[in-house]
1. Return the carbon/sulfur percentage of the accessible area of the chain, one whole number, probe 1.4 Å, all protein chains in place.
2. Quick check: with the 1.4 Å probe, what order do Ser17, Ser110, Ser121 take by accessible area, largest first?
3. Counting heavy atoms of the protein chains only and a 1.4 Å probe, report the per residue accessible area for the chain as a whole number of Å².
4. I need the GluC sites (Glu not before Pro) found in the range 35-138, filtered to DSSP loop residues with at most 12 other beta carbons within 10 Å of theirs.
5. Could you pull out the pairs from Lys80/Lys128; Lys2/Lys101; Lys4/Lys80; Lys3/Lys45; Lys51/Lys124; Lys21/Lys134 whose alpha carbons sit more than 27 Å apart here?
6. Loop only per DSSP, at most 10 neighbouring Cβ atoms within 10 Å: give me the trypsin sites (Lys or Arg not before Pro) in the range 97-138, ordered by residue number.
7. With a cut-off of 8 Å between alpha carbons and a minimum separation of six or more residues, what is the relative contact order of the chain in percent?
Amino acid sequence: MKKKLLLHACCGPCSTSVYEKLCTEYELTVYWYNPNIYPDTEHDKRLAEIKKLSGLLGFSLIIDPGTETDRDAWDVDVGKYRQEPEGGLRCHRCYRFRLDKAARYALKHSFDCFSTTLTVSPYKNAPKVIEIGKELEG
């Protein structure tokens with residue numbers, strides 16, 4: 001029996017390669033939680049693409065309603081670091097904010113493990129994302 005994996009997704013393009021690599025080894029559910037994506041038009045475009053990808057590849061997709069309602073909480077936690085350079089503390093806080101929510105969802109809904117597509121993005125700090133994920137799994 002395959003382990004149940006909750007995969008946090010930041011966008012469709014990153015999700016495609018990760019899904020293809022993991023779908024044979026895990027019972028995969030993709031989790032959309034991205035209150036950081038702004039403006040709304042960009043958020044809606046990315047969400048539409050992940051929905052389309054779900055239909056094409058046939059994976060289960062969970063859209064956390066907090067992606068819409070948690071923007072104020074995200075802004076309080078992460079927004080205060082707006083002056084930080086790209087790739088710095090602001091990004092690290094944003095990774096943690098989203099991964100914490102994914103980890104809590106995975107635990108609450110009896111997933112065996114969780115991960116994120118953030119590690120394959122050329123714009124993200126994969127070692128830092130992995131470090132945060134390991135901290136949250138404990």
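1. Roughly 52 percent of what the probe reaches on the chain is carbon or sulfur.
2. So, going from the largest accessible area down, we get Ser110, Ser17, Ser121.
3. Heavy-atom accessible area per residue stands at 57 Å².
4. Sites meeting the loop and neighbour criteria: Glu86.
5. Lys4/Lys80; Lys3/Lys45
6. none
7. In percent, rounded to a whole number, it is 32.
The values are calculated or read from the model by the stated rules, or taken from the named source; none is laboratory data. Just so it is clear, the model here is predicted, and its values are computed rather than measured. Methodologically, a virtual Cβ is constructed for each residue, glycine included, from the backbone with ideal geometry; neighbour enumeration extends over all protein chains shown. The accessibility values were calculated without ligands, DNA or RNA, using every heavy atom of the protein model including side chains. Shrake-Rupley method; radii C 1.70, N 1.55, O 1.52, S 1.80 Å.
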